[in-house]
Amino acid sequence: MLPESIRKAIFWASDFVWGPWTMALLLGAGLFLTFRYRFVQVTRFPEAARTLIPAQQEGAKGALSPFQAFMTALGASIGTGNIAGVATAVVSGGPGAVFWIWCYGFFATVIKLTEAVLGIRYRKILPNGHVSAGPMHYLRDGLRAPRLAWIYALVAGVAALTTTPFTQPNSMAVVLESQFRIPTWASGVGIAVLAWLVIIGGVRSIGRVAEKLAPLKVGLYLAGGLWVILFHAAEVPAVFSLIFREAFSLEAAGGGAAGVGIMVAMRYGIARGIYANEAGYGTAAVAYGSARSEQPVQQGLNAVMEVFIVSFVTSSISALTVLVSGVWRSGLTSTALVASAFNTALPTVGGWVVAFCSFLFGYTTLIGWAYYGEQFLEYILGTKVAKPYRWVYCGLIYFGAVGKPETVWAWGDLMNGLQIFPNLVGLLGLTGVVVAALRKHAKAQPSAAVDRGEPSA
């Protein structure tokens, strides 16, 4: 148990990092890149959907197949943040937070596209086949800022080691306790062992598991969530009206100073939005940079689809189920709130579905982020850190499972918030590289750019 003074300091620091300047920076970066790439997330969306399962490339170097890289990134992004994080956003920020999750999701597509393209462009492949990829490489080799690259790797490495092993197991343990009365300590031990079985085998082991579990968890959660929404179909119009009205409300729930409501909704919506889709963290550069591919834009289009699935499918399912069912005012939070929503349409079974999905969501995120953190710390300490890191990472899972949800998520917000600043410097400074890649890709596939006009480098 953390002392109260430390808990308060974590909450204060989290709120400070996620102040108005951070929200403005994220939305501003997404808006700038959207215009810079001429709304590529819209104009190239049909192509992104058609190539959702990327083709294998003969002779390309990398650690994972393009599909495994996509599933690893998707599996790592669609974590319990899509269930617990969205639920806490609705509880803490009100229904208006959902609008800001969607808003950031639209602009996040180009942020993640940029990360994926640069991840392939600046990755390092050693003679033994080992791949090193991530923002630290495009900060060092593209932006020529080695100190900033080192700072990013340090912050991101600490974030991966002290955030994901806490937030994901915590949400998994909460729902297992609420649905099956399994003590959180027992869940912590079990989750740690299951994660170790995959993580200890390295990135190829992670990729093989991710390509099997990621499609399963999305399909199951989508089916269950749609059933709940259809069961409460009469409430859907009122809920959408509430979401848009509260997104721009000038007062917080229960009254308050003018402007407070919209800022609270934005703060929780964008914070949980980025936690759900991870655009801005730089992790996409690690996952897609590990692919056996020489086509940066194809990996970037996969990243667009990843954010679309995360922000507009799974996150929407979580938000709409808790709102149409009315349980968002019940006093529950985290995964327990979504389980309660599912139970309104599928008594008992609904809670089991959420528990199983929460476990799959958290598990794939755990193993995906283990690889991210390993890459970040290897950049600073060398490849010898890999095995000790894997053991420590798995050991921390137990402590995450037994922690308090509010403190765990505040710490997650703080560390991930710090991580985005150096990464965005690299993304904004290297947009010309991405524009050139988009133009080259369009010329190779002229049908994909019919009289649309490509951005100038």
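Looking across the range 374-430, the residues that are of a type in the set (Gly, Ala, Ser), at pLDDT below 90 and either within 19 Å of the chain's Cα centre (by Cα) or assigned to a helix (DSSP H, G or I) (or both) come down to Gly400, Ala401, Ala410, Gly412, Gly417.
On inspection, Leu366 does not qualify as surrounded by fewer than 21 Cβ atoms within 10 Å (Cβ to Cβ), at pLDDT 80 or above, over 20 Å from Gly142 (Cα atoms) and not polar (S, T, N, Q).
Kindly provide the set of residues from the range 14-28 that are part of a helix (DSSP H, G or I) and either more than 15 Å from Gln419 (Cα to Cα) or not small (Gly, Ala, Ser) (or both), ordered by number. Within the range 14-28, Asp15, Phe16, Val17, Pro20, Trp21, Thr22, Met23, Ala24, Leu25, Leu26, Leu27, Gly28 qualify.
All told, Ile53 meets the bar of being within 25 Å of Tyr371 (Cα to Cα) and either free of Cβ contacts under 8 Å to residues at least 24 places away in the same chain or aromatic (Phe, Trp, Tyr) (or both). Applying the criterion of being in contact with a Leu (Cβ under 7 Å, 6 or more places away or on another chain) and without any contact (Cβ under 8 Å) to a residue 12 or more places away in the chain to the residues of the range 258-315, the residue that is surrounded by the fewest Cβ atoms within 10 Å (Cβ to Cβ) is Ala258.
Restricting attention to the range 316-326, and to residues there that are surrounded by 24 or more Cβ atoms within 10 Å (Cβ to Cβ) and hydroxyl-bearing (Ser, Thr, Tyr), which single residue is farthest from the chain's Cα centre (by Cα)? If we take residues in the range 316-326 being surrounded by 24 or more Cβ atoms within 10 Å (Cβ to Cβ) and hydroxyl-bearing (Ser, Thr, Tyr), then Ser325 is farthest from the chain's Cα centre (by Cα).
Just one of the listed residues (Ile274, Ile262) is part of a helix (DSSP H, G or I), at pLDDT below 90, among the β-branched types (Val, Ile, Thr) and within 30 Å of Asn343 (Cβ to Cβ), and it is Ile274.
Every test in (1) under 22 Å from the mean Cα position of the chain (by Cα); (2) closer than 19 Å to Ile182 by Cα; (3) crowded, with 23+ Cβ neighbours inside 10 Å is passed by Phe356 save one, and that test is (3).
Just to be sure before I move on: is Leu25 surrounded by fewer than 19 Cβ atoms within 10 Å (Cβ to Cβ) and of a type in the set (A, V, I, L, M) in the structure I sent? Yes.
Considered as a group, the residues in the range 375-415 that are surrounded by 15 or more Cβ atoms within 10 Å (Cβ to Cβ) and among the β-branched types (Val, Ile, Thr) include one that is farthest from Ile206 (Cα to Cα), and that residue is Thr407. Exactly one residue out of Thr184, Thr167 is farther than 23 Å from Ala284 by Cα and either touching a helix residue (DSSP H, G or I) at 6+ places or on another chain (Cβ under 8 Å) or not charged (D, E, K, R) (or both): that is Thr184. Mind listing just one residue for me: the one in the range 197-256 that is farther than 19 Å from Trp352 by Cα and aromatic (Phe, Trp, Tyr) and, of those, modelled with the highest pLDDT? The selected residue is Phe240. Quick check on Ala436: is it part of a helix (DSSP H, G or I) and buried (at least 24 other Cβ atoms within 10 Å of the Cβ)? No, not satisfied. Just for the range 342-360: of the residues that are modelled with pLDDT under 90 and of a type in the set (Ser, Thr, Tyr), which one is nearest to Gly75 (Cα to Cα)? Taking the candidates together, the pick is Ser358.
In the range 124-162, how many are touching a residue at least 60 places away in the same chain (Cβ under 8 Å) and surrounded by fewer than 24 Cβ atoms within 10 Å (Cβ to Cβ)? Adding up the residues that qualify gives 16.
Could you please let me know if Val189 is closer than 25 Å to Lys404 by Cβ and either hydrophobic (A, V, I, L, M, F, W, C) or within 20 Å of the chain's Cα centre (by Cα) (or both)? So Val189 passes the test.
The values are calculated or read from the model by the stated rules, or taken from the named source; none is laboratory data. Nothing here was measured: the structure is a model prediction, and the numbers come from that model. Cβ sites come from the backbone with ideal geometry, for glycine too, and all protein chains shown count toward neighbours.
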